[in-house]
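Please read the structure below before turning to the comments.
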Amino acid sequence: MEKRFFVDKSNISRENILLCSDEHLHLSKVMRLRVGDVVECFYDGSDVLTCRIDEINKNDTHLTILSTYPCDSNPAIDITLFQALPKLDKLELITQKICEIGATCIVPFTSRFCIAKDNASKIDRLNKIVISSAKQCGRTRLLDIHPTVTFNNMLDMLTPYDAVLFANEKEESVTLKELLLGKDYKNVAIIVGSEGGFSADEIEILKGKSMSFTFGKRILRCETAGIVAVANTLCLLG
């Protein structure tokens, strides 16, 4: 893995970059880089910035941009995972993995059988996970973390998508392959339940607004289902 660092766009001035806080500490204390070393930097949606370390201070690092090149690891298809709110450790795992795989947005929502409670402070933690995952996988476009919405608000958000897919544990036959192979969707929504699944009423509503599919004979955990659905969707859409 390349030595990659996330930089706030406001800390870039022409060819100069100022690296602060966590990223500065990672560069200087964890990776123990030195003046003259060459690293890669990026901000949300940017090209990859090849940079030289010019100065390492106690609280910040100064770099100079040497060259740039386009990032070929950013998602070519927009996939939003609408994830019924699971416990925080599971939401962290889902966020980390779908960012690495290539999703573009995650929208947590509350449904009848959700066990976890919404906590706005989760977003800061999730955004740190997204940055770390982006550094790992090579993308520069960050996964968007949407604040938690209600079930009804989630339904209202589905209109713009080319395809809306519903991971339905009650579905008996229709698979993602049947729904997606050979299609040219560019903007896809995937809906996955929490640990408690969906109520019968919620399932009927979702079936009326989406394409219901099954993973097969095995019922997956909620943290597994979203990851598998995103990966298979990207695979089937090429």
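Near Asp8, once Lys and Arg are set to +1 and Asp and Glu to -1 for all other residues with Cβ below 14 Å from its Cβ, the sum equals -2. Taking amide hydrogens as placed 1.01 Å from N in the peptide plane, the amide H of Phe5 sits under 5 Å from those of Glu40, Cys41, Phe42, each at least 5 positions away in sequence or on another chain. Shown in residue order for region 191-206 are the 3J(HN,Hα) couplings computed by the Karplus curve 6.51 cos²θ - 1.76 cosθ + 1.60 at θ = phi - 60°: 10, 10, x, 8, 4, x, x, 10, 6, 4, 5, 5, 4, 5, 5, 5 Hz (x for Gly and Pro).
Ignoring everything except DSSP H segments at least 4 long, calculate the 222 nm mean residue ellipticity for the chain; use -39,500 (n - 2.57) per segment, divide by total residues, nearest 500.
Numbers: 7 runs with 71 residues, N = 238.
Taking each H run of at least 4 residues, the total per residue is -9000 deg cm²/dmol.
Going by the alpha-carbon gyration tensor, a ≥ b ≥ c the square roots of its eigenvalues, is region 4-69 rounded (a/c under 1.5) or, if a/c is not under 1.5, prolate (a/b greater than b/c) versus oblate? Since a/c reaches 1.5 and a/b is larger than b/c, the shape of region 4-69 is classed as prolate.
Under 5 Å from the amide H of Arg112 lie the amide H atoms of Ser199, each residue being 5 or more positions distant or on a separate chain, with H modelled from the backbone and absent for Pro and chain starts. Residues in region 65-74 carry Karplus couplings, in order, of 6, 8, 6, 9, 8, x, 8, 9, 9, 6 Hz; the curve used is 6.51 cos²θ - 1.76 cosθ + 1.60 with θ = phi - 60°, and Gly or Pro positions show x. Label reach from Glu15 (point 7 Å along Cα→C-beta): in region 29-57, amide nitrogens under 20 Å belong to 35-43, 47-56. Angle, helix 222-236 long axis vs. longest principal axis of the chain, Cα atoms, 0 to 90°, nearest 10? For 222-236 against the chain, the angle is about 80 degrees.
Shown here for region 47-147: trypsin sites (Lys or Arg not before Pro) in loop regions (DSSP other than H, G, I, E, B) with at most 11 other Cβ atoms within 10 Å, namely Lys58, Lys117. Charges were assigned to the Cβ only: +1 to each Lys and Arg, -1 to each Asp and Glu. The resulting dipole of the chain about its Cα centre is roughly 480 debye.
With respect to the chain, whose longest principal axis is taken over its alpha-carbon atoms, helix 88-101 is tilted by about 70°.
Using the beta-carbon distance between Met157 and Lys117 and R0 = 22 Å, what value does 1/(1 + (r/R0)^6) give for FRET efficiency, to the nearest 0.05?
The pair Met157/Lys117 has a calculated efficiency of 0.55.
Cross-link pairs exceeding 32 Å in C-alpha to C-alpha distance, out of Lys97/Lys217; Lys135/Lys209; Lys122/Lys177; Lys87/Lys207; Lys58/Lys90; Lys9/Lys29, comprise Lys135/Lys209; Lys122/Lys177; Lys58/Lys90.
3J(HN,Hα) along region 132-143: 4, 5, 5, 4, 5, 8, x, 7, 10, 7, 6, 5 Hz, from the Karplus curve 6.51 cos²θ - 1.76 cosθ + 1.60 with θ = phi - 60°, whole Hz, x for Gly and Pro.
Each reported figure results from applying straightforward, stated rules to the coordinates on display, with no laboratory input. Quantities reported herein were computed from a predicted structural model and do not represent experimental measurements. Neighbour counts are summed over all protein chains in view; Cβ atoms, including those assigned to glycine, are modelled from backbone coordinates with ideal geometry.
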